[in-house]
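Reviewing the structure listed below.
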Amino acid sequence: MLTVDELDVRYGTTHAVRGIALEVTAGEAVALLGPNGAGKTSTLRAISRLVPSSGSVRFDGADLSRAAPEEVARRGLIHIPEGRHVFPDLSVHENLRIGATARRGRGGGFSFDDVYDLFPALVALRGRLGYALSGGEQQMVAIGRALVAAPRLLLIDEPSLGLAPIVADAVAAALLEVRSRTALLIIEQNVHLAVRICDRAAVLTGGRIVLEAATADLHRRDDLLATYLGQSKTGTGA
């Protein structure tokens with residue numbers, strides 16, 4: 001579904017991503033792990049064409065190297081950036097309706113009712129404006145808005161960042177259900193959450209992929225993983 005090869009991202013003299021190769025197949029969930037500044041966000045932004053890059057990005061066999069971000073979204077490659085970016089002056093339901101504009105006739109995906117079933121806490125908040133939502137509620141809206149866009153592959157940057165553990169668990173449970181219908185590429189500092197959701201993980205440091213493994217195997221590589229992530233066990237957050 002997604003094939004990235006020799007991807008490079010530079011910001012002036014900063015070499016953020018250094019020739020990485022990455023694949024996500026249909027129905028698969030892949031985690032990008034690594035310390036802050038490893039190049040994870042730059043990788044997602046390059047894939048969705050939000051920053052200039054060199055190398056190859058192909059989605060369903062089509063070369064996206066010269067595609068505009070809106071064309072990428074119309075193809076079903078939907079990006080949820082870090083920070084949620086909920087429209088503050090629109091209600092929860094109006095924010096969800098904005099996501100539906102990216103469907104462009106694609107079938108499948110999630111209905112509004114599907115989103116409310118995934119996130120029951122939003123039902124009573126349908127009319128609440130974005131600025132009045134908590135961080136966890138905003139994250140639910142951001143994910144829901146992406147789901148109604150009928151994604152074929154969902155790129156998610158730090159879904160649990162800044163959330164209380166109980167809210168992060170609710171988001172993880174929703175993403176587990178989402179991954180049964182939609183491929184995922186997730187940046188996540190909480191390794192325990194990433195292992196819970198994803199089939200495979202790629203660890204980045206210094207803009208390079210230094211380790212790839214099935215998430216089921218990560219527990220057997222705790223010491224090596226800790227070296228790259230700066231944490232003691234895969235069951236702890238970063």
Of the stretch 14-29, those with amide N under 19 Å from the point 7 Å along the Cα→Cβ vector of Asp217 are 21-25, 28-29
Amide H proximity to Ala29 below 5 Å, modelled H, separation 5+ or other chain, gives Leu184, Asp199, Arg200
Rounded to the nearest 500, the 222 nm mean residue ellipticity computed for the chain from DSSP H runs (n ≥ 4, each -39500 (n - 2.57)) alone is -8500 deg cm²/dmol
In this structure, the FRET efficiency calculated for Ile166 and Ala132 from their beta-carbon separation, with R0 = 22 Å, to the nearest 0.05, is 0.60
Residue span Arg97 to Arg208: 0.36 nm per residue of separation minus Cα-Cα distance leaves a gain in nm of 36.2 nm
Under the Karplus relation with 6.51, -1.76 and 1.60 and θ = phi - 60°, whole-Hz ³J(HN,Hα) for the stretch 132-137, x at Gly and Pro, equal 8, 8, 6, x, x, 5
Note, the stretch 156-170: 3J(HN,Hα) by Karplus (6.51, -1.76, 1.60, θ = phi - 60°), whole Hz, Gly/Pro = x, goes 10, 9, 6, x, 9, 4, x, 9, 4, x, 5, 6, 4, 5, 5
Sorted by chain and number, the residues with a modelled amide H under 5 Å from that of Ile80, at a separation of 5 or more or across chains, are Leu155, Ile156, Asp157
At 37 °C in a medium of viscosity 0.692 mPa s, the chain has a Stokes-Einstein diffusion coefficient, with Rh taken as the Kirkwood radius over alpha carbon pairs, in µm² per second, of 183 µm²/s
Taking 0.36 nm per residue of separation between Glu6 and Arg104 and subtracting their Cα-Cα distance, the length gained on full extension comes to 32.2 nm
Treating only Lys and Arg (+1) and Asp and Glu (-1) as charged, each at its beta carbon, one finds that the chain has a dipole about its Cα centre, in Debye to the nearest 20, of 400 debye
With 0.36 nm assigned to each residue of separation and the Cα-Cα distance removed, Ser180 to Ala124 gains 17.5 nm
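No lab work stands behind these numbers, since they all come straight from the coordinates. All values reported here derive from a predicted model rather than from experimental measurement. Note that we place each Cβ from the backbone using ideal geometry, even for glycine, and neighbour counts take in every protein chain shown.
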